[in-house]
Amino acid sequence: MVARLVVARRLCVIGHPDVGRSTRAALRRERALGRADLTLLLSTFGIALAFPFSILLALGRRSDMPVIQALCVGFIELVAACR
């Protein structure tokens, strides 16, 4: 697929009228799919990291150590105030 796009892109640069239109559309489609992949990757990692982080914050909020508890409560309240 990539080799075809490279060859088609070279023909597009040369100026072949039939290849130019379809190549531009193929490159646009490929760029759009690349953006979708990036979106899915970032959202998956965001969700996967948010769950353990929220568990740690909840446990820290119930902690007997005042420093840990203050940091967790402060962070939670800061995020809640920004909504």
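Rule-based calculations on the coordinates, nothing more; no lab input. Note that the structure is a prediction, hence the values are computed from the model and not measured. Don't worry about glycine lacking a Cβ; one is built from the backbone with ideal geometry, like all the others, and counts go over all protein chains shown.
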Spin-label pair Leu41/Phe53, simplified geometry with 7 Å Cα→Cβ offset, distance in nm: 1.9 nm
Sum of side-chain charges, Ile68 neighbourhood, beta-carbon under 11 Å (Lys, Arg +1; Asp, Glu -1): +1
